[in-house]
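Visitor: Quick one: the structure is below, and I'll ask about it shortly.
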Amino acid sequence: LPVDRKYPFKSGVNIMFGCNNFCSYCIVPYVRGRERSRKPEEIVAEIKRLVADGVVEIMLLGQNVNSYGKNLEEPMTFAQLLREVNKIEGLKRIRFMTSHPKDLSEELIDAMRDCEKVCLHLHLPLQSGSSRILKLMNRRYTKEQYLDLVDRIRAKVPDVSLTTDIIVGFPGETEEDFLETRKFLEKVHFYEMHIFKYSRRKGTVADKMKEQVADTVKSERSAVLLALEKAQSLEYRKMYIGKRLEVLIEELTEIDGRSYYTGYTKNYIRVAIAAGEFKDNPVNDIYECMADKLICDGVTILARYN
Ligand code: SF4
């Protein structure tokens, strides 16, 4: 069926449905069922149709894209799928979500390094920096394994921006566990973190755990990590000031009463360029520009095109 898209030039493409992981706080495997992957030919054909319709950026979607293809008649890895999608003419950018750290292979890191259309952004949900809590969450990796993965990714794809999800106040999370998480986040230094206060889901293992954490404690822990997130993401964006950036322009926006064209770099930094700098409409095209300074409370880089 034709997809109703918010933007004419970018679109999500489902590559799989369901999940086999049973993280102890999550209801998805119960409501969406087990993992099913779509055939690569179907995915490629859908993307080609989207490109013919003006789409230049796609987001490959699945609960755990790293285990794509395992249940196909002719098994295929996600890295192989990325290489196939990368060959599609007219497509300029490929993003994907979500990656489970335990399934992220060396083959995928190599594909990210080799495929020029694959964006330098990886969302890699950590959830906790305490291996004890990770075990209770049934995430099936330790903080040491996660750190090793981050080091290997950064070694092969140096410009990659890493973002993550964190749950605070998971049942049984002590002050020590929380401090361990904070220390770990300071060490990894993510570009952006999505901080969630644990919330109970009926029917999950975590909902039945005895040591539920008080809401006030969750709020305090969340506030601490949100402050860290703000400082780290600001630092990350500052590193790009004075550098040349490649931006896919998405839309015309008003900022403080002035008109700007805004868009994103390959590593997912929002950039604004004064609308007056362009003679023609730049939306849907990639432009190289010079990063001047941070605006909008530090979440956007103001850049010059000319
Ligand atoms: Fe699956 Fe993600 Fe839910 Fe874990 S959190 S069970 S990986 S959907």
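The values are calculated or read from the model by the stated rules, or taken from the named source; none is laboratory data. In this text, all values refer to a predicted model and were calculated from it rather than measured experimentally. Cβ: placed from backbone, ideal geometry, glycine included. Neighbour counts: every protein chain shown.
Visitor: Show the residue pairs meeting these rules: Cβ distance below 8 Å; 6+ apart or different chains; first residue within segment 184-206 and on the phi > 0 side of the Ramachandran plot; second residue exposed (fewer than 15 other Cβ atoms within 10 Å of the Cβ) and of a type outside the set (A, V, I, L, M, F, W, C).
Guide: Listed pairs, sorted by first residue: His189/Glu235; Gly203/Tyr30.
Visitor: Looking at Met209, Met193, Met290, which is the one that is under 30 Å from Val28 (Cβ atoms), of a type in the set (A, V, I, L, M, F, W, C) and in contact with a Gly (Cβ under 9 Å, 6 or more places away or on another chain)? Working first, answer last.
Guide: On the way: Met193 fails: in contact with a Gly (Cβ under 9 Å, 6 or more places away or on another chain); Met290 fails: under 30 Å from Val28 (Cβ atoms).
None of the others qualify; the one that does is Met209.
Visitor: Considering only residues that are within 13 Å of Glu84 (Cα to Cα) and touching a Ser or Thr at 6+ places or on another chain (Cβ under 8 Å), which ones fall in segment 109-120? Let's see the steps before the verdict.
Guide: So the first thing to find is which residues in segment 109-120 are within 13 Å of Glu84 (Cα to Cα), and the list is 111-112, 114-118.
Of everything in segment 109-120, nothing turns out to be within 13 Å of Glu84 (Cα to Cα) and touching a Ser or Thr at 6+ places or on another chain (Cβ under 8 Å).
Visitor: While we're here: Does segment 259-273 contain at least one residue that is more than 22 Å from Pro8 (Cα to Cα) and either outside any strand (DSSP E or B) or over 21 Å from the mean Cα position of the chain (by Cα) (or both)?
Guide: Taking segment 259-273 first, the residues more than 22 Å from Pro8 (Cα to Cα) are none.
No, segment 259-273 contains no residue that is more than 22 Å from Pro8 (Cα to Cα) and either outside any strand (DSSP E or B) or over 21 Å from the mean Cα position of the chain (by Cα) (or both).
Visitor: Now for a different question. Out of contact with any Gly (no Cβ under 8 Å at 6 or more places or on another chain), modelled with pLDDT of 95 or more and more than 18 Å from Gly62 (Cα to Cα): does that describe Glu89?
Guide: Working: out of contact with any Gly (no Cβ under 8 Å at 6 or more places or on another chain): yes; modelled with pLDDT of 95 or more: yes; more than 18 Å from Gly62 (Cα to Cα): yes.
When the stated conditions are applied, Glu89 passes them.
Visitor: For the list (1) within 25 Å of Lys230 (Cα to Cα); (2) crowded, with 20+ Cβ neighbours inside 10 Å, I need the number of the one condition that Met137 fails.
Guide: (1)
Visitor: Only one residue in Cys119, Cys23 is of a type outside the set (Ser, Thr, Tyr), closer than 26 Å to Arg201 by Cα and surrounded by 15 or more Cβ atoms within 10 Å (Cβ to Cβ), so which one is that?
Guide: Numbers: Cys119 fails: closer than 26 Å to Arg201 by Cα.
Being of a type outside the set (Ser, Thr, Tyr), closer than 26 Å to Arg201 by Cα and surrounded by 15 or more Cβ atoms within 10 Å (Cβ to Cβ) holds for just one of Cys119, Cys23, which is Cys23.
Visitor: Right, next: So which residues in segment 140-159 are closer than 23 Å to Leu61 by Cα and crowded, with 16+ Cβ neighbours inside 10 Å, if there are any at all?
Guide: Across segment 140-159, the qualifying residues are Tyr141, Tyr146, Leu149, Val150, Ile153, Val157.
Visitor: Given the options Arg95, Arg49, Arg5, Arg113, name the one that is over 18 Å from the mean Cα position of the chain (by Cα) and not in a loop (DSSP other than H, G, I, E, B).
Guide: Values: Arg95 fails: over 18 Å from the mean Cα position of the chain (by Cα); Arg5 fails: not in a loop (DSSP other than H, G, I, E, B); Arg113 fails: over 18 Å from the mean Cα position of the chain (by Cα).
Being over 18 Å from the mean Cα position of the chain (by Cα) and not in a loop (DSSP other than H, G, I, E, B) holds for just one of Arg95, Arg49, Arg5, Arg113, which is Arg49.
Visitor: Also, quick follow-up: So how many residues does segment 210-224 have that are among the hydrophobic types (A, V, I, L, M, F, W, C) and either exposed (fewer than 13 other Cβ atoms within 10 Å of the Cβ) or touching a Ser or Thr at 6+ places or on another chain (Cβ under 8 Å) (or both)?
Guide: From segment 210-224, those among the hydrophobic types (A, V, I, L, M, F, W, C) are 213-214, 217, 223-224; that's our starting set.
With either exposed (fewer than 13 other Cβ atoms within 10 Å of the Cβ) or touching a Ser or Thr at 6+ places or on another chain (Cβ under 8 Å) (or both) added as a condition, the list becomes 214, 223.
Total meeting the criteria: 2.
Visitor: Do we find that Val55 is more than 16 Å from the ligand (Cβ to nearest atom) and aliphatic (A, V, I, L, M) in this structure?
Guide: On the way: more than 16 Å from the ligand (Cβ to nearest atom): yes; aliphatic (A, V, I, L, M): yes.
Answer is yes for this residue.
Visitor: Condition (residue is in a loop (DSSP other than H, G, I, E, B), more than 16 Å from the ligand (Cβ to nearest atom), at pLDDT below 95 and under 30 Å from Tyr146 (Cβ atoms)) applied to segment 24-40: is it met by at least one residue? Give the steps one after another, and end with the answer.
Guide: Taking segment 24-40 first, the residues in a loop (DSSP other than H, G, I, E, B) are 24-27, 33-35, 38-39.
Still in the running and more than 16 Å from the ligand (Cβ to nearest atom): 38-39.
Going one step further and asking which of them are at pLDDT below 95, we end up with none.
So far as segment 24-40 goes, no, none of its residues is in a loop (DSSP other than H, G, I, E, B), more than 16 Å from the ligand (Cβ to nearest atom), at pLDDT below 95 and under 30 Å from Tyr146 (Cβ atoms).
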